[in-house]
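The values are calculated or read from the model by the stated rules, or taken from the named source; none is laboratory data. Just so we're clear, the structure is a prediction, and the values are computed from it rather than from any experiment. Neighbour counts are summed over all protein chains in view; Cβ atoms, including those assigned to glycine, are modelled from backbone coordinates with ideal geometry.
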Amino acid sequence: MSSIMKSFVVCVCVVLTQPTFAGWEYKAKLDEPDGIDRSDVLASTDLYQGRDGLIIAVKCEVDGLNIRLTHKHMTGDADGAVRVLMRIDENETYGPEAWSLAANNKASWMPMNNVPGMVTQLRSGDKLVLQLTDPANGDVLNQTVSLFGISGEIDKLSCYKG
């Protein structure tokens, strides 16, 4: 085998063994019956540090731009809420703030009045640290996620008015 061919084979092997990097991804979703855009932006698993299963999404809903956390089943307080702390880079910590649990108790929603400011921070930040606490039993989930690439994906959401 010639030295050029050996170099080519080595290069191909090196490229094939490099880890893939998916980043943040826009997923288009349209409810067919009512035409409501429910598209979202999610981070691939390789952007998360820690494995508490706390996943953040920026999402279009009937009421506009939303931020949702998906997590294991939580009981919540008497009002059906969990407590969330967030920090982007070295910015001031957000929370603890009460987030309403979804009907299945496996997701929670940021209060709408906080969404625009948080989206602005997400778009300009490098790292997000999350903590969710279930006040019913004290369960705590922690997660860190890279924000690399989120800005361009949020721009694709029809409900984002930048």
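Taking only pairs six or more apart or across chains, which ones have beta-carbon atoms under 6 Å, a first residue in region 141-161 that is of a type in the set (A, V, I, L, M), and a second residue that is at pLDDT 95 or above and exposed (fewer than 14 other Cβ atoms within 10 Å of the Cβ)?
Close Cβ pairs satisfying both conditions: L147/D126.
Step by step: first the residues of region 110-132, then only those that are among the hydrophobic types (A, V, I, L, M, F, W, C) and free of Cβ contacts under 8 Å to residues at least 60 places away in the same chain, then the one that is surrounded by the most Cβ atoms within 10 Å (Cβ to Cβ). Which residue is that? Walk me through how you get there before you give the answer.
The initial filter retains those residues of region 110-132 that are among the hydrophobic types (A, V, I, L, M, F, W, C), namely 110, 112, 115, 118-119, 122, 128-130, 132.
From the residues that got through so far, the ones that are free of Cβ contacts under 8 Å to residues at least 60 places away in the same chain too are 110, 112, 115, 118, 129.
Working: M110: 22, M112: 13, V115: 18, M118: 20, V129: 16.
That would be M110.
Quick check on M86: is it part of a strand (DSSP E or B), at pLDDT 95 or above and either β-branched (V, I, T) or more than 21 Å from S39 (Cα to Cα) (or both)? Break it down into steps so the answer makes sense when it comes.
Working: part of a strand (DSSP E or B): yes; at pLDDT 95 or above: yes; either β-branched (V, I, T) or more than 21 Å from S39 (Cα to Cα) (or both): yes.
So M86 passes the test.
Working only within region 89-126, note down all residues that are of a type in the set (D, E, K, R) and within 21 Å of E153 (Cβ to Cβ).
Keep residues of region 89-126 that are of a type in the set (D, E, K, R), which gives 89-90, 92, 97, 106, 123, 126.
D89, R123, D126 - these are the residues of region 89-126 that are of a type in the set (D, E, K, R) and within 21 Å of E153 (Cβ to Cβ).
Is it the case that V145 is in contact with a strand residue (DSSP E or B) (Cβ under 7 Å, 6 or more places away or on another chain) and assigned to a helix (DSSP H, G or I)?
On the way: in contact with a strand residue (DSSP E or B) (Cβ under 7 Å, 6 or more places away or on another chain): yes; assigned to a helix (DSSP H, G or I): no.
No; evaluated as a whole, the condition is false for this residue.
Take the residues of region 133-155 that are closer than 17 Å to R68 by Cβ and not polar (S, T, N, Q): which is surrounded by the most Cβ atoms within 10 Å (Cβ to Cβ)?
Here the answer is I150.
Which of the residues belonging to region 73-94 are over 17 Å from K106 (Cα atoms), surrounded by fewer than 18 Cβ atoms within 10 Å (Cβ to Cβ) and not hydroxyl-bearing (S, T, Y)?
L85, D89, E90, N91, E92 - these are the residues of region 73-94 that are over 17 Å from K106 (Cα atoms), surrounded by fewer than 18 Cβ atoms within 10 Å (Cβ to Cβ) and not hydroxyl-bearing (S, T, Y).
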